[in-house]
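Engineer: Got a structure here, written out as structure tokens. Questions coming.
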Amino acid sequence: MVPLRRLARLIPAAPVLSLGSLHLSFMAAIGIWLWSDPTKFGKTIDHCTPILAVFGVSTSFNSTPLRMFSLTMYTLLLIPGLNLLAPFAFFLFLHISYNYVHMKISKVLQSKTWEDPEAGVDTSTRAKSG
């Protein structure tokens, strides 16, 4: 009973997380329903082969690897609460990567010796402006 009380307190305290998690769960349920047997979803159109481009590669909707990948991803997103871990990890990775690259770039720029273009010129021979 204690976990239900905690959940009852969490939902009003974090409505965006709660609604986002429920949204992902419902969309995962629809995705599992669709990918469980894509040939029976909707009407068939004669002489039409639906194709999906994934990372620039054309893939047929009848592709078994695409179906297995989609079912796996939708199954991972089905469980409320746990489905927020993947997006959280993704954005945390982006944040850490950005900070790492920014730190490396700033170290390179700070260690770079910026030479004065006139450093090797004899100042006594330069025309003095007046």
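Engineer: Over region 4-86, with the other protein chains present, what is the accessible area per residue in square angstrom, probe 1.4 angstrom?
Structural biologist: Averaged over the residues of region 4-86, the accessible area is 80 Å².
Engineer: So how do 66-76, 30-40, 49-59 stack up, highest first, on mean other-Cβ count within 10 Å?
Structural biologist: Per-residue mean Cβ counts within 10 Å order the peptides as 66-76, 30-40, 49-59.
Engineer: Another question, if that's okay. Run the 1.4 Å probe and let me know the accessible area of H95, rounded to the nearest 10 Å².
Structural biologist: Answer for H95: close to 110 Å² accessible.
Engineer: Once the cut-off is 19 Å, how many percent of the Cα-Cα pairs in region 12-63 end up in the long-distance tail?
Structural biologist: Of all Cα-Cα pairs in region 12-63, 51 percent lie more than 19 Å apart.
Engineer: Cα atoms only, region 55-116: Rg and Dmax in Å?
Structural biologist: Cα only, region 55-116: 20.6, 65 Å (Rg, Dmax).
The values are calculated or read from the model by the stated rules, or taken from the named source; none is laboratory data. Small disclaimer: the values here were computed from a predicted structure and weren't measured. Backbone-built Cβ (ideal geometry, glycine too); neighbour counts: all protein chains shown. Remember, those area values only see protein heavy atoms, side chains included, never the ligands or the DNA or RNA. Shrake-Rupley method; radii C 1.70, N 1.55, O 1.52, S 1.80 Å.
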